[in-house]
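No lab work stands behind these numbers, since they all come straight from the coordinates. As the structure is a prediction and not an experimental result, all values here were calculated from the model. Virtual Cβ from ideal backbone geometry, glycine too; neighbours counted across all protein chains shown.
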Amino acid sequence: MLRNGRLGSDRLRSMAEWTNRLHVYAQDASHEDAWVVGDREALTALRDALNRVLDGPAGTDGAKSFCEDGEGFLAVVVRVDDPGLWKTLNLPYATRSISNEDCVHPFAVVDEDVYRRLHRA
């Protein structure tokens with residue numbers, strides 16, 4: 001329960017016992033670092049998704065994880081081997097002013113049925 005904008009101590013104690021926590025921090029701008037921070041379970045799931053994309057015929061997979069605040073999300077892994085396709089993708093910077101309006105979000109290169117399957121898994 002939120003109290004004055006903060007979680008109550010009971011909720012904080014139960015959150016401390018959670019696993020499968022993953023935070024992905026994009027670059028704010030070019031030449032800055034991107035960070036992937038997770039516990040063993042989340043990083044292992046992400047590694048397994050990467051391996052399935054690298055080793056298998058499917059170019060898309062994912063790993064379900066949680067942020068520290070308990071919000072769940074799917075970390076989508078997409079393999080793009082076509083050099084021409086890279087030119088159509090938005091740059092991954094968190095600062096939107098750097099992105100090119102003519103480019104697309106990575107969702108545009110993922111088969112919609114595959115994306116839905118990943119969310120149901």
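Which of E41, E68, E17 has the fewest other C-beta atoms within 10 Å, and how do the rest follow up to the most?
Ranking E41, E68, E17 by Cβ neighbours within 10 Å, fewest first, gives E17, E68, E41.
At a Förster distance of 41 Å, what's the computed FRET efficiency of E32 paired with R120, Cβ-Cβ distance as r, to 0.05?
It comes out at approximately 0.75.
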